[in-house]
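Structure record follows, encoded as structure tokens.
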């Protein structure tokens with residue numbers, strides 16, 4: 001291993017040296033514990049007796065070879081501090097862990113699976129000028145084999161509890177999820193964190209195993225098979241990655257060698273708003289650890305991108321702008337993103353950043369942070385607040401929906417309606433719509449047409465596509481039984497058609513070219529009508545949206561002459577539980593103007609092509 005690069009924070013492949021590696025002579029265990037007085041390995045192969053590890057390289061690394069250590073066996077490192085006290089830790093670079101409540105690392109091979117996705121990888125791109133329609137999934141609650149059982153008797157073992165969770169394995173869920181995503185018009189899946197984590201309620205954001213895919217859903221080989229199957233079906237896969245913080249559990253990274261090896265030495269900097277430990281990004285070995293983990297998911301598992309969580313908390317100290325910029329963390333982001341893009345130029349690196357820090361998606365050589373995309377959380381907040389307001393106030397709030405275009409070209413944005421917007425008392429996307437139950441559906445249909453028409457790549461959380469009204473709960477699968485009700489079933493059919501239009505028409509793909517977008521009407525505040533035009537040589541897309549609660553029979557928009565106008569989608573069509581009969585015409589084109597009659601809470605999307 002390149003020790004100099006490791007300490008300088010320049011290494012991206014440390015996992016090739018550290019961790020537990022299967023060889024012909026047995027398993028080689030290696031760990032980095034510079035402040036330990038001694039280190040041993042314990043596990044199934046030692047009958048949990050200590051096997052001392054010898055210090056190697058510069059004396060800060062420990063190593064031993066165990067001939068009897070086999071695939072699937074559990075192990076830990078017993079690390080003694082300078083006072084002779086010890087804590088048994090899971091392996092920071094371990095490739096597997098046992099299912100919670102167990103806390104051991106598990107010996108896993110990451111080299112035996114043979115991918116068959118070379119065709120996909122050779123054509124993969126970052127989708128800058130292509131469709132990127134992301135279906136965000138929490139793998140343990142999309143579908144379940146059975147409802148989890150809460151009635152187990154006191155004293156039930158961990159294995160009994162796990163057996164009753166009803167999770168599908170990575171391999172088991174692959175075919176069904178891929179078929180669903182393809183049928184309903186998504187071309188990428190984004191998986192919430194799959195690194196090992198002790199608490200289901202953290203959703204994976206409080207990690208104890210940065211190199212260990214969670215054993216809740218199976219083995220590394222099964223996850224590789226999942227990604228491989230997605231690629232063979234033409235579906236990309238992005239994984240959520242947390243470079244900011246880690247879980248407080250002492251069996252993991254916390255005070256790993258008896259000192260704060262990965263975290264800050266002082267509590268004020270060490271802890272964040274989530275109660276977890278902050279990485280100290282100024283330390284070279286910490287930088288090498290994080291960026292090696294990021295590279296690991298892209299290289300070993302063939303993931304097509306990383307969505308990096310809570311980037312604001314790296315830009316500013318604990319995410320608080322008044323405390324100033326964290327220059328070492330910012331410099332680390334630039335270095336890591338540059339290194340990842342050099343190794344994986346077609347992969348997607350996206351930031352979840354709630355700050356207004358400039359140039360998040362600009363190249364590092366141009367003074368940026370080097371991300372490909374940034375979530376547009378401002379668009380999300382303004383849009384949802386607008387639809388939560390009563391119709392009588394929408395004339396006042398009219399420009400909440402136009403404001404996003406004043407800053408849109410500052411970054412390369414993704415429009416997210418994510419898991420964060422459907423939990424913790426926030427209500428789901430469709431439930432947020434103003435009014436009673438029947439009024440929510442036409443407004444949600446119109447909202448999604450606005451989202452598709454607005455520049456920016458798209459992200460929608462599972463359940464949103466059929467207007468789930470119950471907040472997301474990681475312990476339950478989605479409410480698939482709601483599809484027996486016509487309002488929900490027809491809503492999903494509407495989303496399928498809207499997604500098909502998005503994937504098909506290139507005018508909706510050139511998001512970051514200012515000549516691609518025009519407001520044909522953003523001046524009708526008194527009517528709450530908007531008209532958006534997206535342009536391309538293959539034909540323009542026009543969306544006309546009425547967000548008021550009254551029928552507007554005399555609306556017109558100037559689109560110019562010499563065109564053919566084709567209606568692509570009417571959100572008020574009866575097949576989507578609207579009121580307009582299929583085939584009924586509510587528009588006419590006179591040569592320059594498009595004349596329309598628009599029902600309340602509805603939108604119409606047109607193809608405008610040259611004759």
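The values are calculated or read from the model by the stated rules, or taken from the named source; none is laboratory data. Nothing here was measured: the structure is a model prediction, and the numbers come from that model. Because the Cβ atoms are built from the backbone with ideal geometry, glycine has one as well, and the counts that use them run over all protein chains shown.
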From 529, 495, grab the single residue that is within 20 Å of residue 439 (Cβ to Cβ), assigned by TED's automatic domain parsing to the domain that holds residue 400 and touching a residue at least 40 places away in the same chain (Cβ under 8 Å). 495
From 225, 196, 255, which residue is farther than 30 Å from residue 80 by Cβ and in contact (Cβ under 8 Å) with a residue 24 or more places away in the chain? 225
For the stretch 267-278, indicate whether the set of residues that are surrounded by fewer than 23 Cβ atoms within 10 Å (Cβ to Cβ), within 22 Å of residue 95 (Cα to Cα), touching a residue at least 40 places away in the same chain (Cβ under 8 Å) and under 22 Å from the mean Cα position of the chain (by Cα) is non-empty. no
Return yes when residue 442 is under 27 Å from residue 534 (Cα atoms), assigned to a loop (DSSP other than H, G, I, E, B) and in contact with a strand residue (DSSP E or B) (Cβ under 7 Å, 6 or more places away or on another chain) and no when it is not. no
Scan of the stretch 445-477 for residues that are in contact with a helix residue (DSSP H, G or I) (Cβ under 7 Å, 6 or more places away or on another chain), closer than 22 Å to residue 138 by Cβ, in a helix (DSSP H, G or I) and touching a residue at least 40 places away in the same chain (Cβ under 8 Å), ordered by number: 448, 464, 465
So residue 524 clears everything in (1) in contact with a strand residue (DSSP E or B) (Cβ under 7 Å, 6 or more places away or on another chain); (2) outside the structural domain of residue 182 (by TED's automatic domain parsing) except one condition, right? Which one? (1)
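Return a yes/no flag: does the stretch 566-583 have any residue that is part of a strand (DSSP E or B), at pLDDT below 95 and either surrounded by fewer than 22 Cβ atoms within 10 Å (Cβ to Cβ) or at negative phi (or both).
Looking only at the stretch 566-583, we keep the residues that are part of a strand (DSSP E or B), and these are 566-570, 573, 580.
This time we only want the ones that are at pLDDT below 95, so: 580.
This time we only want the ones that are either surrounded by fewer than 22 Cβ atoms within 10 Å (Cβ to Cβ) or at negative phi (or both), so: 580.
Yes, the conditions are met somewhere in the stretch 566-583.
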On the basis of being in contact with a strand residue (DSSP E or B) (Cβ under 9 Å, 6 or more places away or on another chain), over 30 Å from residue 200 (Cβ atoms) and surrounded by fewer than 17 Cβ atoms within 10 Å (Cβ to Cβ), does residue 518 make the cut? yes
List pairs: first residue in the stretch 115-142 and without any contact (Cβ under 8 Å) to a residue 40 or more places away in the chain, second residue assigned to a loop (DSSP other than H, G, I, E, B) anywhere in the structure, Cβ distance under 9 angstrom, at least six positions apart or on different chains. 123/346
Looking at (1) touching a residue at least 24 places away in the same chain (Cβ under 8 Å); (2) part of a loop (DSSP other than H, G, I, E, B); (3) more than 26 Å from residue 13 (Cβ to Cβ), which is the one condition that is false for residue 88? (2)
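Restricting to the stretch 348-370, and then to whatever is under 14 Å from the mean Cα position of the chain (by Cα) and outside any strand (DSSP E or B), can you tell me which residue is surrounded by the fewest Cβ atoms within 10 Å (Cβ to Cβ)? Spell out the reasoning first.
Quick first cut of the stretch 348-370, residues under 14 Å from the mean Cα position of the chain (by Cα) only: 348-353.
Still in the running and outside any strand (DSSP E or B): 352-353.
Details: 352: 19, 353: 24.
Checking each candidate, the answer is 352.
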Quick one: residue 190 ticks every box in (1) without any contact (Cβ under 8 Å) to a residue 60 or more places away in the chain; (2) outside any loop (DSSP other than H, G, I, E, B); (3) within 20 Å of residue 459 (Cβ to Cβ) except a single one, so which number is it? (1)
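Answer yes or no as to whether residue 45 is assigned by TED's automatic domain parsing to the domain that holds residue 86, assigned to a helix (DSSP H, G or I) and without any contact (Cβ under 8 Å) to a residue 40 or more places away in the chain.
For residue 45, the condition - assigned by TED's automatic domain parsing to the domain that holds residue 86, assigned to a helix (DSSP H, G or I) and without any contact (Cβ under 8 Å) to a residue 40 or more places away in the chain - is met.
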